[in-house]
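Everything below concerns the one structure shown next.
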Amino acid sequence: MTKDLKTQLSRRHALGMMGAGAAALFTPNLLGRPAFAQTPPDSPTGRVIVGLSQEPTVFNPLMPKIEVDDNVHFSIFDALFRIDATGEIVPNLATEVPTLENGGISEDGLEWRVRLREDVKWHDGEPFTAEDVKFTLELIVDPDFRAWRTSGHDLVRDITVVSPTEISWRMEEAFAPYLSFLTETFIVPEHILAAAENPNEAPFNQKPIGTGAFKWGERTAGDNLTLVANPDYHGDGPYIEELIFRYIPDMTVLFTQFQSGSIDVVGRSYITQDNYEAAQALPDRQVDLVPAPSVESIYLNLERPQFQDPAVRQALYHALDRASIIDVLYYGLPKATETFMPPQSMYYHDGLPSQEFNLDRAREILDEAGWMPGSDGVREKDGVRLEFTNSTTTGAHLREQTQQFVQQTFAEIGVRMNIENMPAAVMWGDHWVLSQFDTVMVGITYLIAADPDVTNRFHTDAIAAQGGNGSNTGQYSNPEVDALLEKGARTFDPEERKAIYREAQEIIRGELPFLPLFSYTQVYGRKAGLEGFVPNTNTRSETWNAASWYWS
């Protein structure tokens, strides 16, 4: 990779704000409508095969899930609103985005009114109404339901169905991120799930019915999932007959199948950085570098005794040779970071202390903290050994190489890191959700639709392993950060929010509940001739607008 290209990448960013604030990187594209000169077909034709290195397994969009599941959710379901590639929140099931100006949101941010489309049908032909929205919002906060995220929804009160096409509610207190959260709150059918004895185990969860551009087709577990065009879709499109997700757990094989033409789009986890040059040389392929919102890190389970000592976390961070990992293993494409906030966000803190790779300093920190080498060279203190397991998904060869490299440098400071990788379905199941790991090598998108709120990841009440609702799998708990996150969620002024989230980033960087490696630059690949494809860093899905895709 040339120095000039690296310079271009480091400068390739844009800041934008819509509502509470959003990042924007790409050319505007109307939701569900191609913004291209080519003309889409009059009726769906052809198919697109998306290759995924992780298998979608969670099909109820309200339940605990990982990013790859969103590819299916965005295709089958709709939300009240969506966020496009420019960072603009646009109507989806609603007819307009509520604002202070149009009277949809009161001046104090507490009273909400949303008007809905009247031409929407569920895939089984039943009409979509405000009752479905009410049911969805109430199900999310039902204590007996295993919800993925309750933050914000737990403030909703007095939900009122004004008419089949209008709904209102009151917020217990102002919550600035809520509009953004609603862009990823997919509406589920009241007429199906209300009749289920247990929504957590309903047949719907394995064969969902939505209002989206694609309907459930068939699934072969461990291999592929086929969605078919919804001819009654209320929006523009879909223009393809079938959207197929093919599960290819080995990243090298995933790229090989893209080379051979067996897949049309390389989905998560995309083309690995070591294959970027080879991908560029392929004929009839479109390959793009896309700054991504996800951050790669070594995630620590802070309930493990060795990680409760801040000195251990500091020493481990000094023992990470990030520059070599980025430049040698990842071919210089990612960007080193010190925070969970993506660099393209207007809330990114660019003044945090830079990590220093220094093994001598790492040893010194551990010595001073009383972690002394045992007979086998592994440090220990008060009966606790500095030995732990690191896990990630099998078949992710760059992560596996990174693990081996980190394992060696950690050994040089008296730390033993064992490697135990798992298939994606096991790795991101209870092992991850319920914090059954020691450490994990993982890429996480912390923001929801570009809003800076990270309550779901860092608030004490979001620790699922301790009875909370959220994705704080590292079990991080800090009352000061909790207070900042609560304050940030109640603050609507972008400048005030900047100060709040900068302070939160400073505290989290100082405490190192996770060890940041880099902010991703993803390598997107697709066959030439696939029109309507637009990367969107404000979502967790490359198929966010698959309704717009068609072959030229």
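The values are calculated or read from the model by the stated rules, or taken from the named source; none is laboratory data. Since the structure is predicted, the reported quantities are computational estimates derived from the model, not experimental observations. For neighbour counting, all protein chains shown are included, and Cβ atoms are generated from backbone atoms with ideal geometry for every residue, glycine included.
May I ask you to say which residue of Glu173, Glu166 is at pLDDT below 95 and surrounded by fewer than 21 Cβ atoms within 10 Å (Cβ to Cβ)?
Glu173
So Ala450 fits all but one of (1) more than 16 Å from the chain's Cα centre (by Cα); (2) buried (at least 19 other Cβ atoms within 10 Å of the Cβ); what number is the exception?
(1)
I'd like the full set of residues that are more than 30 Å from Pro452 (Cα to Cα) and within 31 Å of the chain's Cα centre (by Cα), limited to the stretch 348-385.
Selection gives nothing.
Looking at the structure I just gave you, is Ser345 crowded, with 20+ Cβ neighbours inside 10 Å, within 30 Å of His431 (Cβ to Cβ), under 19 Å from the mean Cα position of the chain (by Cα) and at pLDDT 95 or above?
No, not satisfied.
Being assigned to a strand (DSSP E or B) and touching a Phe, Trp or Tyr at 6+ places or on another chain (Cβ under 9 Å) is the filter here, so list the residues in the stretch 221-258 that pass it.
Result: Asn224, Leu225, Thr226, Leu227, Val228, Ala229, Glu242, Leu243.
With the stretch 71-162 as the region, which strands (runs of 3 or more DSSP E) entirely inside it contain at least 2 residues that are within 26 Å of Leu225 (Cβ to Cβ)?
Values: elements: 81-83, 89-91, 111-115.
Output list reads 81-83.
Residues of the stretch 253-284 being farther than 21 Å from Arg399 by Cα and either in contact with a helix residue (DSSP H, G or I) (Cβ under 7 Å, 6 or more places away or on another chain) or of a type in the set (Phe, Trp, Tyr) (or both), which ones?
Filtering the stretch 253-284 down to residues farther than 21 Å from Arg399 by Cα leaves 259-265, 280-284.
Within the stretch 253-284, Ile263, Leu282 meet the criteria.
Just the residues that are within 20 Å of Ala336 (Cα to Cα) and either in contact (Cβ under 8 Å) with a residue 60 or more places away in the chain or outside any helix (DSSP H, G or I) (or both), please, taken from the stretch 354-372.
Ser354, Gln355, Glu356, Phe357, Asn358
What tally of residues in the stretch 350-392 results from selecting those that are of a type in the set (Asp, Glu) and in contact with a Leu (Cβ under 6 Å, 6 or more places away or on another chain)?
The number of residues fulfilling the criteria is 0.
Considering only the stretch 284-313, state which residues are farther than 30 Å from Gln466 by Cα and not in a loop (DSSP other than H, G, I, E, B).
Arg285, Gln286, Val287, Asp288, Leu289, Val290, Pro291, Ala292
Yes or no: Asp223 more than 22 Å from the chain's Cα centre (by Cα) and either buried (at least 23 other Cβ atoms within 10 Å of the Cβ) or closer than 17 Å to Glu542 by Cα (or both)?
no
Of all residues in the stretch 458-513, count the ones that are in contact with a Leu (Cβ under 6 Å, 6 or more places away or on another chain), over 19 Å from Met63 (Cα atoms) and hydrophobic (A, V, I, L, M, F, W, C).
Going through the stretch 458-513 one residue at a time, the tally reaches 2.
Does Ala85 fit the bill of being within 18 Å of the chain's Cα centre (by Cα) and modelled with pLDDT of 95 or more?
Judged against the criteria, Ala85 is not a match.
Out of Thr473, Thr455, which single residue is closer than 24 Å to Ser391 by Cα and either within 20 Å of the chain's Cα centre (by Cα) or modelled with pLDDT of 95 or more (or both)? Can you show your working first?
On the way: Thr455 fails: closer than 24 Å to Ser391 by Cα.
So the residue among Thr473, Thr455 that is closer than 24 Å to Ser391 by Cα and either within 20 Å of the chain's Cα centre (by Cα) or modelled with pLDDT of 95 or more (or both) is Thr473.
Specify the residue that is surrounded by the fewest Cβ atoms within 10 Å (Cβ to Cβ); the eligible residues are those in the stretch 513-552 that are among the β-branched types (Val, Ile, Thr) and closer than 30 Å to Val440 by Cα.
Narrowing the stretch 513-552 to residues among the β-branched types (Val, Ile, Thr): 521, 523, 534, 537, 539, 543.
Next cut, closer than 30 Å to Val440 by Cα only: 521, 523, 537, 539, 543.
Numbers: Thr521: 19, Val523: 24, Thr537: 24, Thr539: 25, Thr543: 26.
Looking at residues that are among the β-branched types (Val, Ile, Thr) and closer than 30 Å to Val440 by Cα, I get Thr521.
Counting only residues that are touching a strand residue (DSSP E or B) at 6+ places or on another chain (Cβ under 7 Å) and in a loop (DSSP other than H, G, I, E, B), which one in the stretch 262-283 is nearest to Ser53 (Cα to Cα)?
Among them, the one singled out is Ile263.
If we scan the stretch 314-331, do we find a residue that is over 30 Å from Gln259 (Cα atoms), modelled with pLDDT of 95 or more, among the hydroxyl-bearing types (Ser, Thr, Tyr) and outside any helix (DSSP H, G or I)?
The answer is no, given that none of the residues of the stretch 314-331 is over 30 Å from Gln259 (Cα atoms), modelled with pLDDT of 95 or more, among the hydroxyl-bearing types (Ser, Thr, Tyr) and outside any helix (DSSP H, G or I).
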